[in-house]
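Here, each number is a calculation from the coordinates, and none is a lab measurement. Just so we're clear, the structure is a prediction, and the values are computed from it rather than from any experiment. No Cβ is skipped: glycine too gets one built from the backbone with ideal geometry, and neighbour counts run over all protein chains shown.
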Ligand code: GLU
């Protein structure tokens, strides 16, 4: 569905856009370095399916860590809570998202939560399907239902670029394999994980997914329940406790909306029983979140009184 451009939102985006100069585009995945740091966009889905947007909304970007909440939801749907949380914990961490430190010191070795890379890799290994192609297809089908956009697929260049440089994620996987957290072929898992992270969307897609997630997993447009109430509750809780890297606490105070960000500059927000918001701004702050995106969310949350706290 086409989103309606809102003049008031455009004005806020243009006021905040100059700040993006203070941020930096991620380059550790070389293909992400091509993004234009000046880009800033927002889309909002609400009510029965009204959509509003502003900024560079036709820009596409890859989900990166935003995909972690989607793979988690699908793994929970397939295996149930008990199994998933026997492999991955529920606690936030102050360590960097790709840290290996806690894996070595916690006994038994178990990733602290599904939002850090170790936990997300263990969750990706649980996706339903007999091989990488089938697992990816099942994840994409699920994303098509959540986003209402059946054209979503992954960006091959970004997936390849990450696969070739994912040595830290490789070491996390081999470490977890040797401790029995994951099984199977690690290169296959990295192939699937990097394709999952390279799934390409726009702000409308993120906003729609956030809206369905906020609406307890029910899509009012198709009248379909995409997710159970329980799974959408678990996912939103992780978004609050560890969705914004090591800024999750400050973000909860200043914005107060369940949100998950990724290093490509996307943020998916799900207000319980309220709007879904999609953000794109590839210039990141020093915590790895979209700098302009956070400022936009602070403004919108305050003006519309969206904090859940
Ligand atoms: N694919 C990225 C990685 O595993 C995702 C990181 C992120 O968005 O936080 O390093």
Kindly express, to the nearest 10 degrees and within the range 0 to 90, the angle between helix 156-165's C-alpha long axis and the longest C-alpha principal axis of the chain. 50
For the chain, what percent of Cα pairs sit more than 26 Å apart? 39
Mean ellipticity per residue at 222 nm, deg cm²/dmol - from DSSP H runs of n ≥ 4 across the chain, formula -39500 (n - 2.57): -14000 deg cm²/dmol
So if each residue of separation counts as 0.36 nm, and I subtract the Cα-Cα distance between residue 224 and residue 106, what length gain in nm does that give? 38.4 nm
In whole percent, what relative contact order does the chain give with Cα contacts below 8 Å and a gap of six or more residues? 26
How much length is gained on full extension from residue 153 to residue 15, taking 0.36 nm per residue of separation minus their Cα-Cα distance? 46.4 nm
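How much FRET efficiency would the formula 1/(1 + (r/R0)^6) give for residue 24 and residue 168, where r is the Cβ-Cβ distance and R0 is 25 Å, rounded to 0.05?
In this case the efficiency is close to 0.85.
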Taking a ≥ b ≥ c as the square roots of the eigenvalues of the Cα gyration tensor, with a/c under 1.5 meaning rounded and otherwise prolate when a/b exceeds b/c and oblate if not, the range 25-94 is oblate
How many nm is it between the label spots at residue 2 and residue 134, if each spot is 7 Å from the Cα in line with the beta carbon? 4.2
Order of 25, 235 - criterion: other Cβ atoms within 10 Å of each residue's Cβ, fewest first: 25, 235
Compute the helix-to-body angle for 291-304: its Cα long axis versus the longest principal axis of the chain, expressed 0 to 90° and rounded to tens. 60
